[in-house]
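Some notes on the structure that comes next.
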Amino acid sequence: MASTGLQLLGLVLAVLGWVFGALVCAAPLWRVSAFVGGELVIAQVLWEGLWMNCLSQTTGQIQCKTYDSTLALPRSAQAARGLTVLSLLLCLLALTLGVAGAKCTHCMGDGNQASKARLARIAGVLYLVAGLAYLIPICWTAYAIIRDFYDPNIAAPLKRELGPALYLGWGACVLLLVGGALLHVGSSPPGGRTLPVFGGAAKDNPGEGKQQEKSFV
């Protein structure tokens with residue numbers, strides 16, 4: 001039978017991963033200015049995200065600006081945008097199916113337990129796919145930052161470090177993957193193990209077996 005506790009735990013973890021993923025997608029903290037020189041006074045810090053970049057000054061002022069053109073962005077940034085938005089949309093669809101298929105809800109009635117369990121399992125798979133789709137741009141961005149940081153051909157002012165949004169993104173991916181796995185495992189098909197056919201037939205007609213034994217004698 002479907003485990004209500006595993007379903008609820010998986011759904012809650014997946015929803016938390018979805019919320020964190022939305023925050024990471026909107027946050028301009030994917031790339032942060034790296035200070036590798038010997039300067040002791042830092043006047044400005046540049047933050048870069050998927051949709052905007054911000055300039056933080058020592059006076060406390062922060063100026064943010066969205067990117068003027070989407071087509072002018074690198075292909076990696078465009079792909080990251082598409083994958084993160086696709087992941088969030090998959091999470092929204094999975095949430096709808098997960099709530100409808102949860103054992104503790106009555107969206108489809110109490111007589112359709114098999115259909116509810118199937119919907120919950122589909123929701124778990126969608127959360128797993130969403131977690132993997134979100135993990136790709138996070139890991140690719142981190143790889144590009146580390147690669148450029150150790151590249152001697154790139155000037156020091158152009159080097160970047162891993163922003164806090166990437167770490168939160170990894171946490172969101174873990175929540176989506178774990179939540180989807182728990183939701184899928186906790187939504188096993190209803191019904192117990194069926195008895196063997198021959199064993200059941202023998203129990204239903206015990207007299208028939210005795211007659212067969214006598215005929216052989």
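The figures follow:
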{"quantity": "Qualifying residue in segment 68-77 (condition: closer than 30 Å to GLY186 by Cβ, in contact (Cβ under 8 Å) with a residue 40 or more places away in the chain and out of contact with any Ser or Thr (no Cβ under 6 Å at 6 or more places or on another chain))", "calculated": "no"}
{"quantity": "Unique match (being among the hydrophobic types (A, V, I, L, M, F, W, C), surrounded by 14 or more Cβ atoms within 10 Å (Cβ to Cβ), over 26 Å from LEU73 (Cβ atoms) and in contact (Cβ under 8 Å) with a residue 40 or more places away in the chain) among LEU176, LEU168, LEU182", "calculated": "LEU182"}
{"quantity": "Candidates LYS116, LYS65, filtered to the one that is open to solvent by less than 30 Å² (accessible area, probe 1.4 Å) and either out of contact with any Ser or Thr (no Cβ under 7 Å at 6 or more places or on another chain) or of a type in the set (D, E, K, R) (or both)", "calculated": "LYS116"}
{"quantity": "Residues satisfying the stated conditions in segment 84-95, i.e. touching a Leu at 6+ places or on another chain (Cβ under 9 Å) and open to solvent by 30 Å² or more (accessible area, probe 1.4 Å)", "calculated": "LEU90, LEU93, LEU95"}
{"quantity": "Unique match (being touching a Cys at 6+ places or on another chain (Cβ under 9 Å) and either hydroxyl-bearing (Ser, Thr, Tyr) or part of a loop (DSSP other than H, G, I, E, B) (or both)) among TYR167, TYR134", "calculated": "TYR134"}
{"quantity": "Test: GLN78 is at pLDDT 85 or above, more than 28 Å from the chain's Cα centre (by Cα) and either of a type in the set (D, E, K, R) or open to solvent by 50 Å² or more (accessible area, probe 1.4 Å) (or both)", "calculated": "no"}
{"quantity": "LEU168 vs. criteria touching a Leu at 6+ places or on another chain (Cβ under 8 Å), within 29 Å of VAL45 (Cα to Cα) and of a type outside the set (Lys, Arg)", "calculated": "yes"}
{"quantity": "Only one of ALA102, ALA34 that is in contact with a Lys or Arg (Cβ under 9 Å, 6 or more places away or on another chain), within 19 Å of LEU162 (Cα to Cα) and either at pLDDT below 85 or of a type in the set (A, V, I, L, M) (or both)", "calculated": "ALA34"}
{"quantity": "Enumeration of residues in segment 1-17 that are closer than 19 Å to LEU88 by Cα and open to solvent by 60 Å² or more (accessible area, probe 1.4 Å)", "calculated": "VAL12, LEU16"}
{"quantity": "Inter-residue pairs, beta-carbon under 6 Å, first closer than 15 Å to VAL24 by Cα and in segment 122-135, second surrounded by fewer than 24 Cβ atoms within 10 Å (Cβ to Cβ) and among the aliphatic types (A, V, I, L, M), 6+ apart", "calculated": "ALA130/LEU90; GLY131/LEU177; ALA133/LEU83; ALA133/LEU86"}
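The values are calculated or read from the model by the stated rules, or taken from the named source; none is laboratory data. Please read these numbers as outputs of a predicted model, since none were measured by experiment. Positions of Cβ are generated from backbone atoms using ideal geometry, with glycine treated the same way; all protein chains shown enter the neighbour counts. Areas reflect the complete protein model, heavy atoms only, side chains present, ligands, DNA and RNA absent. Shrake-Rupley method; radii C 1.70, N 1.55, O 1.52, S 1.80 Å.
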